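Following: one structure in structure tokens, then a few remarks.
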Amino acid sequence: MAGNMRVLVLGSGAREHALAKRIARSPLVQAVLCAPGNGGTAAFARNASVDPEDGAAVVALARAHAIDFVVVGPEAPLVAGVVDALQAAGILAFGPTRSGARLEGSKSFSKEFMKRHAIPTAAAWSFDDADAAIAHARAHGKPLVVKADGLAAGKGVVVADSVEETVQAIERVMRAREFGAAGARVLLEERLFGQEVSYHVVLDGTRFVALAPAQDHKRLLDGDRGPNTGGMGAYSPPPVVTPEVEAKILARVVQPTLAGLRADGIEYRGALFIGLMICPSRSRAEARFDSEEPYVIEYNARFGDPETQVLLARLAGDVLPLLLGSARGDLAGIEVRWDAPCALSVVVAAGGYPGAYRKGTPIRGLAAAAQLPDVEIFHAGTRLDGDVLVTAGGRVLSVTASGADIDAAAERAYAAAARIELDGAQYRHDIGHHARKR
């Protein structure tokens, strides 16, 4: 099928833009369809309207366009069982089935999985009653992390700094339903101290291929302040992941996770994004966690966003064989190579995000920004209004650059971001601060 493959990329964010653009370059590919896509994917692929969580509709779309391979980007379709529907229809798909996606779809399920298979993580307690959760928080006597059990677009986590903040977070999640139905159950988790790291592996059911580590910036404001978001930027590689730390990640987290999935009868094919905390060598006195050890914060059943953008900016060669090998259950002989030494991505968000924000605001200056060397701009919340590109979401653009080091990548990414004209735009100015020297 060399040169004749038709690929459908499901999703509408910058992650999907980056994947679709890279897939479109593959010599194996004839055409790329994005559903629903965005204003950026329309430049090189055909966009199609579909509900990504409706398995029957996705199957019908794939058949109507003679699609050979479907790449599912976001978590919600995976949790909804879209890959199950595609497999039942005989259509090859990248991403785990519903059983594997539960690792992200339910934080309680995920935590029980970690406990069952002795994967290092923080202690946690699950509640579906707000009064019981509040009573536990007060009895515990120390601030906890409050997590909505279900999917909340990466924003359903509150890291409290006091017992009273913990109680307020429980009220917001369970009673005010700030994150909707995802907050019907909460996970109260012991706090970890250190640096968060994003570690991706691609699985084929029995084997895995490890990708380069990355570091996301969840908080809205410089200095890691403000509310959690879906991610305000990322870079790769983070210095905290030394070769020794990575060896621990593989031996103590990745391999036991794959063994646990197999023991539980889950044939996991697709990307697994492991959110980790690397505890520092000088741990806080009250922390019981070992130094320079990886502890799992969460599993995500797909590639991260904005991590995907920096990983693909560094990746050498064709990404499609990796995705196909995973979907076919055969990653034997598949290797990844890294071309660019470093990459960094800055998310340009709409004013008001992650709260209420306005849609339909014109975006200008992208051509001037994209002219800078080693810069790519991936669209997230955009759409075309006639010939005018306008905002359609909270995270609008992912301005990504590569370089010889993080400082060089940051300089290029921020120079490009400064050329973008968007009323009310906001972005952090310290992405990669753990690694930058200037």
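Coordinate-derived values only; no laboratory data. Keep in mind that this is a model prediction, so the values were computed, not measured. No Cβ is skipped: glycine too gets one built from the backbone with ideal geometry, and neighbour counts run over all protein chains shown.
Quick notes on this one:
- Kirkwood-based Rg to Rh ratio, the range 5-95, C-alpha trace: 0.92
- Dipole magnitude (debye, nearest 20) for the range 195-338, charges at Cβ of Lys, Arg, Asp, Glu: 40 debye
- A viscosity of 0.890 mPa s and a temperature of 25 °C, combined with the Kirkwood radius over C-alpha pairs in the Stokes-Einstein formula, give the range 195-338 a diffusion coefficient of 153 µm²/s.
- Think of it as helices only: each DSSP H run of n ≥ 4 in the chain is worth -39500 (n - 2.57), and spread over all residues that comes to -7500 deg cm²/dmol at 222 nm.
- Between the range 340-387 and the range 7-72, the Cα center-to-center distance that results, in Å: 20 Å
- Shape class of the range 320-438 from the alpha-carbon gyration tensor: oblate, with a/c at 1.5 or above and b/c at least as large as a/b.
- Cβ-placed point charges (K, R +1; D, E -1), dipole of the chain about Cα centre in debye, nearest 20: 200 debye
- Globularity index of the range 191-278, i.e. its alpha-carbon radius of gyration over 2.2 N^0.38 Å: 1.20
- Look at the Cα gyration tensor of the range 283-388: its axes a ≥ b ≥ c give a/c of at least 1.5 with a/b at or below b/c, and that counts as oblate.
- The listed peptides 176-185, 198-207, ordered by packing as a protection proxy, come out as 198-207, 176-185 (highest mean of other Cβ atoms within 10 Å first).
- Measuring nothing but how far apart in sequence close Cα pairs (under 8 Å, 6+ apart) lie, relative to its length, the range 100-212 scores a relative contact order of 27 percent.
- Sequence-separation-based contact order of the chain, relative, with Cα cut under 8 Å and 6+ spacing, percent: 16 percent
- Within the range 129-184, all pairs of alpha-carbon atoms sorted by distance into 5 Å bins from zero give the percentages 4, 24, 32, 25, 12, 3, 0.
- Top positive-direction residue, dipole computed over the range 129-184 with Cβ charges, set 183, 162, 135: 183
- Shape class for the range 73-219, computed from the alpha carbon gyration tensor (a ≥ b ≥ c): prolate, with a/c not under 1.5 and a/b above b/c.
- The alpha carbons of the range 380-438 stretch over 43, 18, 16 Å along the principal axes, in descending order.
- Student exercise, the range 342-418 dipole from Lys, Arg, Asp, Glu Cβ charges, in Debye to nearest 20: 440 debye
- Percentage, to the nearest whole number, of Cα pairs in the chain over 33 Å apart: 31 percent
- Ranking 393, 32, 241 by how far each Cα lies toward the positive end of the dipole of the chain (charges on Cβ) leaves 32 at the top.
- Sequence ranges 165-172, 349-356, 360-367, ranked by mean other-Cβ count within 10 angstrom, highest first: 165-172, 349-356, 360-367
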